Amino acid sequence: MTEKYFWTVEEVSNYYTNLKVESSLRLPSDAFCTEDFTWNEVLKTNSRFFTIPPINVLENLKTTSDVLQLYRDELGCPIKITSSWRSPKEQTYLSKMGKKPSTTSLHLEGLAMDFVIYGISISKVHKYLDCVHMGEVEYGTNYTHISLPTFSKSYL
């Protein structure tokens, strides 16, 4: 089994800051954010644009990932993140593509994630999240969306 290296927000930020111009924006595959999510998974975007997140967004992504990890542990099923932080560049691209991304979306702050949970019925996922999640929950046809409340992260 490959050893896991848990990268702090500061390590991720420093890695991006020190990249050479021609370097890939992907982090090493063993750079973990939580027990089951790598930073590359956490930084998943739906478009081809990737902008290096500011440190406050990385901190929010870490917090959101920690919540998603709790849900994964509790449900005992794998989770695939399909979308997390949305940069302003990606927001503009989505608008130009005819989508209507919310200008107040917590994806812009790293406080929202879309994901799929494997091995469990969607009704069980709904029932569980409706009981435990303190932020917004949306259920799409092929994904679940959570965002964290912005008034306080102290409940975590």
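No lab work stands behind these numbers, since they all come straight from the coordinates. The model shown is predicted, which means the values in this text are computed figures rather than measured ones. As a convention, Cβ positions derive from the backbone with ideal geometry for all residues, glycine included, and neighbour counts pool all protein chains shown.
Numerical summary
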| read-out | value |
| --- | --- |
| Relative contact order of the chain, defined on C-alpha pairs under 8 angstrom at six or more residues apart (%) | 19 percent |
| Under Karplus coefficients 6.51, -1.76 and 1.60, residue-wise ³J(HN,Hα) of region 115-125 in Hz, glycine/proline x | 7, 10, 10, 9, x, 8, 5, 4, 5, 5, 4 |
| Candidate aspartates and glutamates for bridging to Lys100, where Cα separation is under 13 Å - those fewer than 8 sequence places away on the same chain excluded | Glu90 |
| Distant-in-sequence amide H partners of Gly110 (H built 1.01 Å from N, under 5 Å) | Arg86 |
| Inter-centroid distance (Cα atoms) of region 25-88 relative to region 90-114, Å | 16 Å |
| Length added when fully stretched, His133-Glu3, from 0.36 nm per residue minus Cα-Cα | 43.7 nm |
| Alpha-carbon Debye profile of the chain, log10 I(q)/I(0) at 0.10, 0.16, 0.18 Å⁻¹ | -0.36, -0.93, -1.17 |
| Cleavage-rule hits (trypsin sites (Lys or Arg not before Pro)) in region 71-137: DSSP loop, at most 13 neighbouring Cβ within 10 angstrom | Lys99 |
| Cleavage-rule hits, chymotrypsin sites (Phe, Trp or Tyr not before Pro), region 65-121, DSSP coil, Cβ neighbours within 10 Å at most 12 | Tyr118 |
| Entries in Lys20/Lys62; Lys4/Lys62; Lys62/Lys99 that, when Cα-Cα distance is taken, lie over 18 Å | Lys20/Lys62; Lys62/Lys99 |
